[in-house]
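Visitor: Once you've had a glance at the structure underneath, I'll fire off some questions.
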Amino acid sequence: VQLQASGGGLVQAGGSLRLSCAASGLLFSIYALAWYRQAPGKQRELVARISTGGRTDYADSVKGRFTISRDNANAKSTVYLQMNSLKPEDTAIYYCNAQIPSLHDVWGQGTEVTVSS
């Protein structure tokens with residue numbers, strides 16, 4: 001079972017990035033998916049999540065700027081985070097997560113996002 005995150009990098013404030021997280025070894029469609037982030041010296045926080053049915057929730061700090069989506073088709077098994085209008089405070093390591101509540105919880109290795117002012 002593995003989640004492989006990618007797409008991080010250095011971007012100027014106001015720019016965009018698209019994070020991807022490819023899953024392998026699990027029945028992707030039955031997992032709720034989420035992106036978390038952890039900034040230096042801070043606790044890990046939930047950024048966005050998407051249910052098996054496609055319902056989405058966002059942290060207040062990213063509403064209107066970030067979009068989470070999932071692709072269950074054709075064995076792609078990928079969750080995305082489109083990040084627009086990036087701010088320096090979005091700088092963090094971003095982690096993807098796949099979960100069946102109380103049964104299984106899988107984390108990716110993280111991808112670093114740096115937003116310069």
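Visitor: Restricting attention to the range 61-79, which residues are surrounded by 15 or more Cβ atoms within 10 Å (Cβ to Cβ) and among the charged types (D, E, K, R)?
Guide: Residues satisfying the conditions are 65, 70.
Visitor: Only one of these is within 17 Å of residue 101 (Cα to Cα) and surrounded by 12 or more Cβ atoms within 10 Å (Cβ to Cβ): 31, 58. Name it.
Guide: Details: 58 fails: within 17 Å of residue 101 (Cα to Cα).
Sole residue among the options that is within 17 Å of residue 101 (Cα to Cα) and surrounded by 12 or more Cβ atoms within 10 Å (Cβ to Cβ): 31.
Visitor: Looking only at the range 80-103, which residues are loosely packed, with under 13 Cβ neighbours inside 10 Å and either assigned to a strand (DSSP E or B) or polar (S, T, N, Q) (or both)?
Guide: Step one: of the range 80-103, the residues loosely packed, with under 13 Cβ neighbours inside 10 Å are 88-89, 101-103.
Across the range 80-103, the qualifying residue is only 102.
Visitor: Test residue 69 against the stated conditions and say whether it is among the hydroxyl-bearing types (Ser, Thr, Tyr), in a strand (DSSP E or B), closer than 30 Å to residue 117 by Cα and touching a Gly at 6+ places or on another chain (Cβ under 8 Å).
Guide: No.
Values quoted throughout were computed directly from the atomic coordinates according to the rules given, and no laboratory measurement underlies them. Here the structure is a predicted model, which is why all the values come from computation and not from measurement. Positions of Cβ are backbone-derived with ideal geometry, glycine not excepted, and every protein chain shown enters the neighbour counts.
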